[in-house]
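Asks: One structure coming up, written as structure tokens, with questions to follow.
The values are calculated or read from the model by the stated rules, or taken from the named source; none is laboratory data. Since the model is a prediction, treat every value here as computed from it, not as a measurement. Cβ placement follows ideal geometry from the backbone for every residue including glycine, while neighbour counts extend to all protein chains displayed.
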Amino acid sequence: MAQFRRVLVANRGEIAVRIIRACRQLGLETLAVFSSADRHSLHVQLADSALCIGPPAAQDSYLNIPALLTAARLGGADAVHPGYGFLAESPAFAEAVCRSGLTFIGPDAAVMARLGDKLCARQTMAGLGLPLIPGSDDAITSMEQAKHLAQKLGYPLIIKASAGGGGRGMKVVSGPTELEQALALTRAEAKAGFGNDSLYLERYLTTPRHIEFQLLCDGKAALCLGSRDCSAQRRHQKLIEEAPAPGLDAAESARISALCEQACVELGYCGVATFEFLYQDRQFFFIEVNTRIQVEHTVTEMVTGMDLLAWQLKLARGEPLPPRSALLPSGHAIECRINAEDPERQLPGTGTVTGLRLPGGPGIRWDSHLYPGYAIPSQYDSLVGKLIAWGEDRDQALSRLQQALAELDIKGIHNNITLQRRLLVSPELAQQMPDIHFVERLLETQ
Ligand code: ADP
């Protein structure tokens, strides 16, 4: 398999910094790319070299495949790490990278295409024995077909765009009178947003938890590194994540992780993968596979002691998986996402960081690209940091995270620290992670 020496980091923000750190651990050189809005970004400062790939709009820079390939050539890179977001799940990008003779740090483009389309993933996983949420077998082709299926499934139900992602391209429908309009609206949004208007239906589960499994695969074998709970969400966007997911049915959870491993082996999958499920009444229901590193990979790292970014690089150069006996998870980890946003109006925040007070102490980790004086551009994702606490058990992890959040202070930009402090002291969360509507419930009762 491919050997490489210099990795182009096709991303920005905290994940670009994280990739650079992992490369350095393995003795690999790094080439950062940046838009003109990111000239002063931390990843540009930390990489061995850096090239500007275009103007601020992501379409013209971080999503611009020809610009990225040109940068790789000019900067002497022989591998590309896509991070998450942007082109991380674009089979066209993975293919273009490989066609240019570079190593793509991620799975094969064909496997990515098969799993990246949510409906296709649903069909694939049904064939591999994973339990699905009752819903469509095929894409919706007519209103008659949709009405018929909706009647069979019952309400509420959820319309999903096959090409959707990141919480976009989904609409909950509470009754038959809304169906026609909701379908038309979601179809139009999917066409405009993803250039693909394929839709399908699923029963809408009312009180599920969001549980996912982290997989590591070398093309021949697969190893499940355990579960995460990501039920603390707002508008389908995750806010708090933890590992392992507390209070799961142990036998069912072992059965599902074995099925995920088997699915990866059948697919000849190489790289990291996340299998996402909804969990209700002690049952798992598959929703999607993510074929890239996820924001919340950190909590799995904290309980397994494994560097998942380093593993992505090692798997891409053909190294085999660690033996199952090397997997010795210990303790509990919880992460909260720190976003630059106005929490009242839910608008992305911009501005300059005028002060930064960081927490510390046993078990505390801060992954971020912020520094005092950094001006946050308005064009990109609002995530500016991830605060993670590890503890010997869940109570200790939670108490450490509460303490760290009390210490964390970011001046000069709107942020969600106050909201996160509120969530983390909620009695509902103290028990175990509640269902996916927990954050909405808490915000309604202010
Ligand atoms: P995305 O790819 O946009 O993240 P997902 O399919 O992973 O979309 O779903 C994101 C979130 O939407 C889930 O974590 C859950 O909160 C909610 N969701 C998705 N499907 C359902 C469903 N059938 N019933 C209830 N909630 C759902």
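Asks: Could you give every pair whose Cβ atoms fall below 8 Å, whose first residue belongs to segment 230-248 and is within 19 Å of residue 158 (Cβ to Cβ), and whose second residue is among the β-branched types (Val, Ile, Thr) and in a loop (DSSP other than H, G, I, E, B), counting only separations of at least 6 or pairs across chains?
Replies: 231/436; 233/436; 238/295
Asks: Moving on to the next point. Provide a single number: the residues in segment 20-53 that are surrounded by 21 or more Cβ atoms within 10 Å (Cβ to Cβ) and small (Gly, Ala, Ser).
Replies: 6
Asks: Does at least one position in segment 223-231 carry a residue that is of a type outside the set (Phe, Trp, Tyr) and part of a loop (DSSP other than H, G, I, E, B)?
Replies: no
Asks: Could you please tell me which pairs satisfy a Cβ distance under 6 Å, a separation of 6+ or placement on different chains, a first residue in segment 149-165 that is assigned by TED's automatic domain parsing to the domain that holds residue 185, and a second residue that is more than 10 Å from the ligand (Cβ to nearest atom) and of a type in the set (Phe, Trp, Tyr)?
Replies: Every condition considered, the pairs that remain are 160/200; 163/194.
Asks: A further question on this structure: Taking the criterion of being within 16 Å of the ligand (Cβ to nearest atom) and within 30 Å of residue 76 (Cα to Cα), would at least one residue in segment 127-135 satisfy it?
Replies: There is no residue in segment 127-135 that is within 16 Å of the ligand (Cβ to nearest atom) and within 30 Å of residue 76 (Cα to Cα).
Asks: Just for segment 121-145: of the residues that are in contact with a strand residue (DSSP E or B) (Cβ under 7 Å, 6 or more places away or on another chain) and in a helix (DSSP H, G or I), which one is surrounded by the fewest Cβ atoms within 10 Å (Cβ to Cβ)?
Replies: The qualifying residue surrounded by the fewest Cβ atoms within 10 Å (Cβ to Cβ) is 126.
Asks: Looking only at segment 174-227, filter to residues that are among the charged types (D, E, K, R) and within 11 Å of the ligand (Cβ to nearest atom); which one of those is farthest from residue 121 (Cα to Cα)?
Replies: Top of the filtered list is 209.
Asks: Take residue 65 and decide whether it is of a type in the set (Val, Ile, Thr) and closer than 23 Å to residue 370 by Cβ.
Replies: For residue 65, the condition - of a type in the set (Val, Ile, Thr) and closer than 23 Å to residue 370 by Cβ - is not met.
Asks: Give, as residue ranges, the strands (runs of 3 or more DSSP E) completely inside segment 1-59 that count at least 1 residues that are over 20 Å from residue 93 (Cβ atoms).
Replies: Strands (runs of 3 or more DSSP E) meeting the threshold: 29-35, 49-54.
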